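Asks: Quick one: the structure is below, questions incoming.
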Amino acid sequence: MKIALATDDGRTISRHFGRARQYAVLTVEDGAISSRELRDKSAPHWQADRPHESEQETGAHGEGHTDRGKHLEMLAVIRDCEVVIAGGMGKGAHDHATAAGIRPIVTSLHDLDEAAIECAAGRILDEVGRLH
């Protein structure tokens, strides 16, 4: 199973999907990590001149037309992954990942390896209450 995890440091899960600088892409086979790579995200919110432009347009973070395009760009980098994991994300990003065929998971876990192994084993909890 190929899993993308939002990260800023290559070791821990970022608390915010949109602002994370990279993805750690881990492949888990037979309960162990068989490969890993770091991929730069395209169009993360931290690169935008006005990161919350759509909030002003729609009143909801991550659900405006501008954010949809940014989310689709960010997800294109991991289109070969089955799952994307972050410590938090907006409802818009969550919905756009689902529509792109990538299962989004929001977790309170911090360690990349632990989260990937738990996910592949079907034991990770999707903490949708952490959506913002």
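The values are calculated or read from the model by the stated rules, or taken from the named source; none is laboratory data. Values in this document were obtained by computation on a predicted structure and should not be read as measured data. When we count neighbours, we look across all protein chains shown, and the Cβ atoms used for this are built from the backbone with ideal geometry, even at glycine. Just the protein is used for accessible areas: all its heavy atoms, side chains included, with ligands, DNA and RNA removed. Shrake-Rupley method; radii C 1.70, N 1.55, O 1.52, S 1.80 Å.
Asks: At 1.4 Å probe radius, can you tell me the per residue accessible area of the range 89-129 in Å²?
Replies: Normalised by residue count, the accessible surface of the range 89-129 is 46 Å².
Asks: How much net charge surrounds Gly31 when only other residues with a Cβ under 12 Å from its Cβ are counted (Lys, Arg +1; Asp, Glu -1)?
Replies: Once positives and negatives cancel, what remains is -3.
Asks: Find out how many positive minus negative residues lie around Ile117, taking Lys and Arg as positive, Asp and Glu as negative, among other residues whose Cβ is under 14 Å from that of Ile117.
Replies: It works out to a net charge of -3.
Asks: Still on this structure, please answer the following. Counting heavy atoms of the protein chains only and a 1.4 Å probe, report the per residue accessible area for the range 1-44 as a whole number of Å².
Replies: 46
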